[in-house]
Amino acid sequence: MKSLKIEVFGRVQSVGFRPFIYNLAKKFNLRGYVKNKTSCVEIVVQGSNNNLSKFIVAIKTQTPQLALIEEIRYSQEKVTDIFSSFSIFESEDTETFFLYVPADIKICKDCLKELFNLEDRRYFYPFINCTQCGPRFTIIEKLPYDRVNTTMKEFKMCYECKKEYDDPANRRFHAQPNACYECGPGLNVFNNKGEVIFELTKSYQDTKNVVNFIVEKILEGKILAIKSYGGYHIVCDATNDDVVYELRKRKYREHKPFALMASSLEIIEKYCIVSNFEKEILHSIESPIILLEKKQITNSYYNISKYVSKKSKYYGFMLPYTPLQYLIFEQLKKIKDIPLIMTSGNLSDEPQSYQDDEVQQKLKDVVDYFVKYNRKINIRCDDSVVIGFDKNIYFIRRSRGWSPEPIFLNYRYRKQILSFGADLKNTFCLAKDNYAILSHHIGDIINLETISSYMDSIEYYLKTFSFKPEVLAYDLHPLYNTAKIAKEYANKNDLLEVCIQHHYAHMVSCMIENNIKDKCLGVIFDGTGYGLDGKIWGGEFLIGDFCSFQRKAYFGYFNILSTDIGIKQPYRNLLIFLYDKYKDVKLIKKIWQKINNNNTDKCPYSLEELLETTKFLLENNINIIKTSSVGRVYDLVALMCFLGLYNHYEGQLPQLLENECNIGKLANFDDVEFYDYKIFITDGVYTVDTEYLLKNVFEDIFFKNQKVEVVSTKFHWTIAKISVDIILKLCNEYNIKKVVLSGGVFQNKVLLTLIYTLAKCSKFEVFWHRKVPCNDGGISLGQTVIADNKIK
Ligand code: ZN
Ligand code: ZN
Ligand code: FE
């Protein structure tokens, strides 16, 4: 007889891994034990050589669906204890190097079957779950992941549930949130005055009443806040113009598209074009919101209200992922199988509400009813947002379903690094050994609410992952809140700190996740990032590796307002451009009139007022800054195309410009039209003459009355061609073959496609993001790698 100790690392806790091992051991007649350690699952087995080998093979080949084995370590154990059977031991609380917190996962097929099985004791139970599904990250208070360390600790399991929980052969063996009508959480409903409409549900009948009530109110045109895994959603009928308009008014959110949820793929396909790969994403266990192209005609099925996503080319759709969402749609579709709005329950610019008292206070003027439950959410986690690109998931927001699971890298950190990310679309990142834990989406760190949520989240992660940062990394921008917080933190805890240029961090994020370690070229097109020369960068061609970078080309500087007003009201930047370029007040007046006549957006100021300010600021060089930002170039071109006067949310105008673009089938490049452009070289650095390009676009529209669709398409092709032009020059000069594309502008699928297509005919290889977003949500990953290389 032989004894063997096996340690399994990876996603092996709370995914049914121990019962899997237990059953295997029984099958191969092995004795010993399995237990969770904080870093791994430890197995000791005794038995014949032959059976031990079969056992090891089976661990690798029959792994449960949710498990992900990263590494298996073996050691021969001296036989001191002889085991008489195989058992599952309690978790051990020892501090080691790897801690794993599983993400929240959509309800699984087995649980779904039970949910709608009349005979099952959990028929219609909104909190049904098992080891393969349900909430995890959002209910965990600390590790190891055992019931006593979750918000389920308040619920004492009944006899039946406990039996399942203790039975290694049961699929609910150690399913931490295991519960039923008798012992688990229930739903309750309140109106917006805080009065109870339904007491906590305890039975099928109670639940049925609540679900019927929800559906009835939705169809009556009411707005509800409904608690989900990671926070509250605001829910209403997406096909009812009046209620969607009312929601926009109540939420003070006039423009940003609302996310949608539908009962099935078939319903989504009535409104959107869905590729096979996109279907896979919709049905995946992570169940994110996916941006899908709208269909032209909606087959006269119930029309989605025009107020859902006014001008966008896409709808953001997801399928139900909690049992309660399934119950609601099951009832709803019997009457009217319509999509529902399922948007984050927050006030503008604030984080999503997730605490039951807080939500009642915050959303009382937005919703009519609150559907709550008494299982607490320990930490908020928004829905993820993705698009499908070239058979890859392309993240816009990486959160529920993925966070906070580690991203394993082919790179070994020397130190424990904590990076603070950027101020917008923030995520922060903990990194050590060969993995990085990117936080869930925190949001924009721009007001007291978000700053405090940000700091709480960092504390929570450090505690939960027993993480002791040795080095801190943050953005170079002197006015970033995240940078200020990081510096204070470094001072207080006497830690090493590294401050990192924004676009370099974008570039390294994309390098590390594509496993590129050698010198490469980063094409970083972005909104705003603080440059090494104190100017606003955002149209950058950087050559570098993990240790350093050089700026080898950029979009030549043009003037914009130095404050954020210019981003939200880009017409001010357009006036700066026009005045700078033409100095002809008569001409500007004509243009301004045309822009205003062709716009639904209205400007509250007279042109005289605006021009006077513009002149004053330019002549005295006050509040004016130079920028190379491609995001701002997009703003200006969108404005010239009469697509609006404001960016009501980040990237609105650039998105509208992308929508106008028509690149056809990309089969024939001969008919492609470009704007004329100029590239200069000084001291080995290339600059694009941005103002010359803008002037050509401008004159095409205003002097030649070119159609918007043509302008947008020509403009996109031109940006792609300029990029490839410069890429070819730099790759030749510096003998580089790999190019990474990053920065918020690359959320633009058209531009990404064009550069990718042009690159296919060239000698260089193009890489884009696959694991983290190209926007500022992915920056913290790059920061960790750069910091690790700065401090050796
Ligand atoms: Zn399940
Ligand atoms: Zn129970
Ligand atoms: Fe950025």
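Of all aspartates and glutamates in the structure, the ones whose alpha carbon falls short of 12 Å from that of Lys714, not counting any fewer than 8 places away in one chain, are Glu658, Glu660, Asp671, Glu673, Asp676, Asp700. In this structure region 252-364 gives 42 Å² per residue of accessible area when probed at 1.4 Å with all protein chains present. Taken over the alpha carbons of region 67-165 as equal point scatterers, the Debye sum produces base-10 log I(q)/I(0) values at 0.10, 0.17, 0.18, 0.25 Å⁻¹ of -0.43, -1.04, -1.11, -1.49. Loop-located GluC sites (Glu not before Pro) in region 21-111 (DSSP state other than H, G, I, E, B) with a sparse environment of at most 10 neighbouring Cβ atoms within 10 Å: Glu90, Glu95. Neighbours of Ile268, meaning other residues whose beta-carbon lies under 12 angstrom from its beta-carbon, give a summed charge of -1 when Lys and Arg score +1 and Asp and Glu score -1. For the cross-link pairs Lys310/Lys749; Lys432/Lys463; Lys256/Lys425; Lys313/Lys589, which exceed 23 Å when the distance is taken from alpha carbon to alpha carbon? In this structure, Lys313/Lys589 lie more than 23 Å apart at Cα. Each Cα pair under 8 Å and six or more residues apart adds its separation to the average, and for the chain the resulting relative contact order is 11 percent. Measuring with a 1.4 angstrom probe and ignoring ligands and nucleic acids, Arg551 comes out at about 40 Å² accessible. Taking the accessible area of the chain, probe 1.4 Å, and keeping the other protein chains in place, the carbon and sulfur fraction comes to 48%.
How many percent of DSSP beta bridges within the chain run antiparallel, rounded to 5? Bridges in the chain are about 75 percent antiparallel.
Sequentially through region 759-773, phi angles give Karplus couplings (6.51, -1.76, 1.60; θ = phi - 60°) of 5, 4, 8, 10, 8, 9, 10, 9, 10, 9, 6, 10, 10, 10, x Hz, Gly and Pro residues having no value and appearing as x. Computed over the alpha carbons of region 411-537, Rg followed by Dmax gives 14.4, 41 Å. When both region 513-549 and region 213-265 are represented by their alpha-carbon centers, they are found 40 Å apart. Residue order by solvent-accessible surface for Glu513, Glu182, Glu7 is Glu182, Glu7, Glu513, largest first, with ligands and nucleic acids left out and a 1.4 Å probe. Accessible area of Arg380 (1.4 Å probe, protein heavy atoms only, ligands and nucleic acids ignored): about 30 Å².
3J(HN,Hα) along region 198-205: 10, 5, 3, 6, 10, 8, 4, 4 Hz, from the Karplus curve 6.51 cos²θ - 1.76 cosθ + 1.60 with θ = phi - 60°, whole Hz, x for Gly and Pro. For the chain, the mean residue ellipticity at 222 nm estimated from helices alone is -10500 deg cm²/dmol, where every DSSP H run of n ≥ 4 contributes -39500 (n - 2.57) and the total is divided by all residues, rounded to the nearest 500.
Solvent exposure of region 495-569, expressed per residue, is 30 Å² of accessible area, with all protein chains present and a 1.4 angstrom probe.
Surface listing: Thr687, Thr563, Thr80, Thr138 arranged by accessible area from highest to lowest gives Thr80, Thr563, Thr687, Thr138, probe 1.4 Å. Where a Cα-Cα gap under 16 Å defines reach, which aspartates and glutamates qualify for Lys760, not counting those fewer than 8 residues away within the same chain? In chain and number order, the partners are Asp390, Asp725.
In the full protein context, region 20-148 carries 45 Å² of accessible surface per residue, based on a 1.4 Å probe and ignoring ligands, DNA and RNA. Computed from Cα positions, the angle between helix 571-582 and the longest principal axis of the chain comes to roughly 30 degrees.
Of the residues Tyr302, Tyr435, the one with the largest accessible area comes first in the ranking Tyr302, Tyr435, computed with a 1.4 Å probe on protein heavy atoms.
Computed from backbone phi, the HN-Hα couplings of region 584-593 come to 10, 4, 4, 4, 4, 4, 4, 4, 4, 4 Hz, rounded to whole numbers (Karplus: 6.51 cos²θ - 1.76 cosθ + 1.60, θ = phi - 60°; Gly and Pro given as x).
Exposure check, 1.4 Å probe, all protein chains in place: Glu650 carries approximately 100 Å² of accessible surface.
Can you list the aspartates and glutamates whose alpha carbon sits under 14 Å from that of Lys517, skipping same-chain ones fewer than 8 residues off? Of all the aspartates and glutamates, those that pass the test against Lys517 - Cα under 14 Å, at least 8 places apart if same chain - are Asp545, Asp788.
Remark: for residue pairs Lys552/Lys790; Lys583/Lys704; Lys279/Lys737; Lys163/Lys202; Lys106/Lys333; Lys162/Lys208, the C-alpha separation exceeds 28 Å in Lys279/Lys737. The trypsin sites (Lys or Arg not before Pro) of region 179-222 meeting both criteria, a DSSP state outside H, G, I, E and B (loop) and at most 10 other C-beta atoms within 10 angstrom of the site's C-beta, are Lys193.
The values are calculated or read from the model by the stated rules, or taken from the named source; none is laboratory data. Nothing here was measured: the structure is a model prediction, and the numbers come from that model. When we count neighbours, we look across all protein chains shown, and the Cβ atoms used for this are built from the backbone with ideal geometry, even at glycine. Quick note on the areas: whole protein, heavy atoms, side chains included, nothing else; ligands and nucleic acids left out. Shrake-Rupley method; radii C 1.70, N 1.55, O 1.52, S 1.80 Å.
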